[in-house]
Structure formats: C-alpha cells, structure tokens
Ligand code: NAD
Ligand code: USQ
C-alpha cells in the first residue's frame, strides 16, 4: 500500500516509517522540522542524539534494502500539501504532523495561536488535497484521549447512544479538552467529521493515550534512533520519570498525583496504527479508535519506575510537586478499548517489562539528560 506519513521526522513518525516500510508498504513522508526547532527554542534537546532525516533514511535504506521518499515542507502551506499528495497519490495518509505539546501551547497568546493555526490549518489542507486528488484515500489521523477530558462517566470510542426528552440518537461523545493543544485535536475532529459527511472521505480518528518508550525492532543502528524528550514541555509523563530516574532526579507527579490517563508503548503504537491502516473504513465512514493499553495514575507510574530502576541499582525518590496545570487530581476514568483488540491488537510487553528495556537504553544517554537537568522542573503554568 502507498502510505504517506505526515510528521515523518517525529517521535512516532520516524519509527512508524521504518515499521511500515519493513512490512512491505511503499512509504513517503513530510516534515518541516518544527519539533526540532521548538524543543531548541525552550532550551532543551532529545536525550537520544538524533540524526538529520537524510542520514536516517540513508542508513535505513542501507540496512533494509528498502526505499523511503521524503519531502521537506510545511503542511500549513496549502500549495505544498496539495502538491505532495497529488504527486504521491497515497492510499493511506497517517497524519502525525502537528505540534503535540500541551504546556508549549499554554505559554502565551503567540504559542497558543501558533499551535492552533499549525494543527488546524495543516489538517484542513490535507482534507482538501484528499478531496481534490485522492478521494478514496484513508486518513489515519492522530487525535488524543485528551479530547474527552476526564468526565465522571465511562468514555466510549467516539460515539454514544443518548436518549433525551423521549428521543434517541447516536452522537459524538462530548469533548472537554484540557489545554489549547488538546483543543486543536477536538477542532480537527469536527473538521474531519464534516469532510467525511460532505465529500465521502474515509477516516480513522485515533484517540491515543500517552506514548512511552524508545525501543523498536527496526532501530538496529544508532543512526535510526528516534527522539526522546524529557523537558517540561515536550517530555510526556512516563518518559520524563524514566529520564529523571536515570540522573537521580526526584520523580515529579504533579499535585496529588491521581491524574489518570491511558498509556501505550511506542512499539505498540506502531502495531495499532498498522492494524488501522491495513483495515480501512468504508467510503464516507468516520470511525474512532481509543488507542492505549492500560490506565495508570501518575503516582502509579512513579511507583513502577522506582521499582524497575531499583532492579538496576538506581535509587530514586518521588516528589509530588505543585501542579502547574489546571486539571482534576482525583477523578473517575474508565475509557473503552475494544475496537483495536478486535482487529488483533495485543500489547507486546507488560509496563514493567517495557520499563526494563527503556531505562537501561536511556542510561546510555545519561550525560545528555544531565546537561539539560534545568529543563525538567515545570515553569509553564496554566494560570499565571
Ligand atoms: P512529534 O512532535 O515528535 O512529531 C510531529 C512531527 O510533525 C514533527 O517532526 C514536526 O516537525 C512535524 N510537524 C509539525 N507541524 C508540521 C507542519 N506544519 N508541517 C510539516 N511537519 C510538521 O510528535 P509525536 O509525539 O510523534 O506525536 C505525533 C502525533 O501523535 C501528534 O499529532 C500528537 O499530537 C499525537 N499524539 C502523541 C502522543 C504522545 O504521547 N507522543 C499521544 C497522543 C497523540
Ligand atoms: N504529569 C505529571 N508530572 C510530570 C509530567 C506530567 O504529573 O512530570 C501529569 C500531567 O499533569 C497530566 C499527565 O501527567 O495529568 C499526563 O501529562 P503528559 O505531559 O504526559 O501528557 P499530555 O500533556 O496529556 O500530552 C501527551 C502528549 C500529547 C498527547 C497526550 C495524550 O504530549 O501529544 O495528546 O499525551 S492524553 O494525555 O491521553 O491526552
């Protein structure tokens, strides 16, 4: 299948490109290196020393014998997006090419507007280019579990049956995002639903939980490593805790630490996205998959990291610091997760086994984390 990966240079995009290519798909991709630039802007870097995309592709092609095509450009430029989609005629587009950080979007009005414009406009440009050139293409769009927020009821996969004043309907489940970033994903969702309705496009909107880990089977050479962030804006909870453990920094659950989210290992995110790509929806169909393995509170995660780091002789403490965000610290959380397992998804490892791979791998980059130790504690607040 011809698959185009928007955001090929990113944390998920690069390993997914190799994973899909290794399975025999014809892979092309797009990126404008925003992620590299904005991590630098906040004074941090990836724990792993990542190579330029050209070198990644060259090494991958050498070790695999496969070919990957890359286009450097900005998805918010409609002419560019139109051109690459017209040229490659993808059968599936995996759209990862957005700015993924909640804290970065909360810095100030410029950052909020940059994230909202980047994400919403880029997504719209893809929808229009699909309509114009490849109306049968499947848009596999990365949304987030954070679109739903933390309601005090179970969370279905996208839609729910409701009876109101004696009438029934199947409606999109309400969205209560918790940052300007998370809101962009809800805006994208509405735009995609509308495009599927008026143009008959097909799409899978992936409500993905927080991703963690670094190891995938295709990273057989150091040139092929993916990025791994640990700073306050781009490091996600569990990845931050692992990096903190490696340098002996206290683990930092925010506030009471009862914030509960779905988590998924990087390798299993690849597995799920591949299953979704290889099992497309019907023409005109908009469907939603909740993509995570298990739910944990941040306190639970910190305890798992303390235990597994301890097995390697690393002693770390947990420090529940003041929460920079406005969010529920104790809440009900029970999302459904049925559609991907029905397609065959099985988590590869337990959380502890995955941590047994992540922590030693990360220890190789201890010095790089140490150099940016001052980027760990949160300074960006939801309310100044
Ligand atoms: P990432 O920042 O590492 O990857 C996104 C890539 O898209 C980057 O390389 C960036 O340079 C590129 N990009 C951004 N805007 C672009 C534009 N206008 N034109 C071209 N390229 C652009 O992020 P990630 O962690 O790999 O996440 C990928 C997707 O998955 C994002 O949409 C994110 O919101 C979503 N997601 C991530 C997680 C997670 O925990 N990592 C969880 C749920 C959802
Ligand atoms: N948290 C801590 N301590 C930390 C870092 C985070 O307690 O040191 C808490 C946060 O307050 C939050 C939870 O951990 O309650 C998750 O935070 P996060 O930074 O790991 O995740 P989030 O901001 O939600 O964003 C990440 C990705 C984003 C994706 C989202 C999936 O950056 O792209 O959309 O996870 S989800 O959380 O399901 O919405």
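The values are calculated or read from the model by the stated rules, or taken from the named source; none is laboratory data. None of these values were measured; they are calculated from a predicted model. Counting neighbours? That spans all protein chains shown, and the Cβs are built from the backbone with ideal geometry, glycine included.
Annotations
- Region 184-203 - residue that is touching a strand residue (DSSP E or B) at 6+ places or on another chain (Cβ under 7 Å) and either in a loop (DSSP other than H, G, I, E, B) or closer than 21 Å to residue 105 by Cα (or both) and, of those, farthest from ligand 2 (Cβ to nearest atom): 201
- Qualifying strands (runs of 3 or more DSSP E) (wholly inside region 131-183; at least 3 residues being in contact (Cβ under 8 Å) with a residue 40 or more places away in the chain and within 16 Å of ligand 1 (Cβ to nearest atom)): 138-144
- Only residues that are touching a strand residue (DSSP E or B) at 6+ places or on another chain (Cβ under 6 Å) and part of a helix (DSSP H, G or I) were counted in region 325-362, giving 3.
- Residue count, region 42-80 (criterion: within 16 Å of ligand 2 (Cβ to nearest atom) and farther than 15 Å from residue 11 by Cβ): 1
- Any hit, region 204-223, residues being assigned to a helix (DSSP H, G or I) and closer than 23 Å to residue 107 by Cα: no
- Lone unmet requirement of (1) within 19 Å of the chain's Cα centre (by Cα); (2) closer than 16 Å to residue 95 by Cα for residue 2: (1)
- Qualifying residue in region 265-282 (condition: in a loop (DSSP other than H, G, I, E, B), in contact (Cβ under 8 Å) with a residue 40 or more places away in the chain, within 25 Å of residue 338 (Cβ to Cβ) and within 15 Å of ligand 1 (Cβ to nearest atom)): no
- Here no helices (runs of 4 or more DSSP H) wholly within region 1-118 include at least 2 residues being at pLDDT below 95 and more than 22 Å from residue 141 (Cα to Cα).
- Out of 278, 250, one residue alone is over 29 Å from residue 367 (Cβ atoms) and either surrounded by fewer than 21 Cβ atoms within 10 Å (Cβ to Cβ) or within 14 Å of ligand 2 (Cβ to nearest atom) (or both). It is 278.
- Across region 225-251, the qualifying residues are those that are part of a loop (DSSP other than H, G, I, E, B) and farther than 16 Å from residue 103 by Cβ, and the one among them that is farthest from ligand 1 (Cβ to nearest atom) is 248.
- Check on residue 329, surrounded by 14 or more Cβ atoms within 10 Å (Cβ to Cβ), in contact (Cβ under 8 Å) with a residue 24 or more places away in the chain and within 16 Å of ligand 1 (Cβ to nearest atom): no
- Within the set 358, 379, the sole residue that is within 16 Å of ligand 2 (Cβ to nearest atom), under 23 Å from the mean Cα position of the chain (by Cα) and loosely packed, with under 13 Cβ neighbours inside 10 Å turns out to be 379.
- Positions within region 101-117 being in contact with a helix residue (DSSP H, G or I) (Cβ under 7 Å, 6 or more places away or on another chain) and within 13 Å of ligand 1 (Cβ to nearest atom), in sequence order: 101, 102, 104, 105, 115, 116
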